[in-house]
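Notes to accompany the following structure.
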Amino acid sequence: MTERMLRPLPLKPLSPEPLVSVLMPVYNYAKFLAIAIESVLCQTYSNLELLICDDGSTDNSLAIARQFAADDARVKVVHKENAGQASALNAAFARHTGEIVCILDADDIFLPHKLHRVVKEYRDHPDEGVLVHSMILLSGEDKPVETIPFLSHFERGWIGDKLIRRGGRWRFMPSSALSFRAELGVWCMPIPEVPFRKSAESFVFTILPLFTRVGYVAEPLSCYRMHENNMTGEFAFNPETLRYRERCMRLPTRAVNNQLAAMGYSQRLCLSRNLDFAMIRFKRYMLEAKPVRARLLYYGHLVGLALRDDLLSFGGKLLVILGHGASLLLNRAARQWLFDQMISPHPLKRFLRWTRTRSPVVAPPAVAPTAVAPARIGHVRES
């Protein structure tokens, strides 16, 4: 029996002005929702549909979404009982009619030219089925903090074999910087709903690069809001959040491996080869004060992965190896401080980015997300 091997799937030609379907899952984000919706409707590329799925919100989210739908035929609203993010994305995707699919979290923002750049990229590279781009991190006061990614670089082309070798590691991005060709939905949709009540996009960005070529836009095209409801899991290092992040990596890896097996592919993703997973687990070992021997052994494993990594620059590898190694010599409080510096927009990271790109280090572009349609937003919130 011939072994089935992973390879990029052929894609149909795009129409001259392809319809873009934006999927927006919503649960109790009335505070941010109107601005997120406006950031889609104010795009310079207008051939779009916005599919909002309210996942049983108990605040004013549904009323806000329905008011926008009443005012703009491009907005379609689905309301359902609460079942989690995967369920909401599945319900929205089931009603899409576009050729390109983008995702926008209800607390994030698209920059005005996002869809224009996404469509242009897919037109310029018709064999690419997945696209990512840079993002601007916004503080709780909606001020730009930094542009991500910090150090690792984007990739273009077929990386399926590299993903197997790296245990699934690639320069993926959060939901609001992810898009894919709609015809590839047969490979990633519906997302398994029970395990993916949160971080549902992780299934999409883990499986699709195994079946299509990837592309990127280096400039920021959306904004990621840091606030009290998402900071804990994404931008904090403590044993609890590190265990959560490990779980968020195990779930899509297990789900994708199950799907590969069901489709007759022999290749599997192995997290023991994944540098991202190794860095998360090593930090947890250090903060939980695991036995010294266990910490040293795992540090050796991390160093080996970092040396073989082909995503990080030389400076990035040094930062990973020396930064994590230094934590072996510190007490608990000093380790915590060091790990916090690793995740913050530290000047050293900007310097290392410059050594890779040789481009000037500039602050993220200013954005004014609260300046959209204040009259309409105020009217909806009062209803």
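Coordinate-derived values only; no laboratory data. Computed from a predicted structure; not experimentally measured. No Cβ is skipped: glycine too gets one built from the backbone with ideal geometry, and neighbour counts run over all protein chains shown.
Annotation: amide H-H contacts under 5 Å for Leu9 (H modelled 1.01 Å from N, sequence separation of 5 or more, or interchain): Thr212, Arg213. Near Asp59, the amide H atoms lying under 5 Å from its own belong to Asn28; only residues 5 or more places off or on other chains count, and H is placed 1.01 Å from N. Roughly how tilted is helix 347-357, in degrees to the nearest 10 and between 0 and 90, from the longest Cα axis of the chain? Roughly 80 degrees between the two axes. Work out the FRET efficiency for Ala294 and Glu17 from their Cβ-Cβ distance, taking R0 = 41 Å, and round it to the nearest 0.05. The calculated FRET efficiency here is 0.10.
The sum of -39500 (n - 2.57) across all DSSP H runs of n ≥ 4, divided by the residue count of the chain, sets its helix-only mean residue ellipticity at 222 nm to -13000 deg cm²/dmol.
Among the lysines in the chain, how many pairs, 8 or more places apart or on different chains, have alpha carbons under 22 Å apart? Taking the Cα cut-off of 22 Å, the pair count is 13.
Modelled this way, with points 7 Å down the Cα-to-C-beta line, the labels at His113 and Arg95 are 3.2 nm from one another. For Val78, the residues whose modelled amide H falls within less than 5 Å of its own, excluding neighbours fewer than 5 places apart on the same chain, are Ile52, Cys53, Asp54.
Cβ-Cβ distance of Asp340 and Leu307, R₀ of 35 Å, FRET efficiency by 1/(1 + (r/R0)^6): the value works out to about 0.90. Angle of helix 292-308 to the longest C-alpha principal axis of the chain, folded into 0 to 90 degrees and rounded to 10: 60°. Here the simple spin-label model places points 7 Å from the Cα toward Cβ, and for Ala63 and Ala326 these points are separated by 5.2 nm. Among Glu128, Glu17, sorting on how many other beta-carbon atoms sit within 10 Å of each Cβ, with the fewest leading, yields Glu17, Glu128. By other beta-carbon atoms within 10 Å, ranking Cys223, Cys42, Cys188, Cys248 with the fewest at the front produces Cys42, Cys248, Cys188, Cys223.
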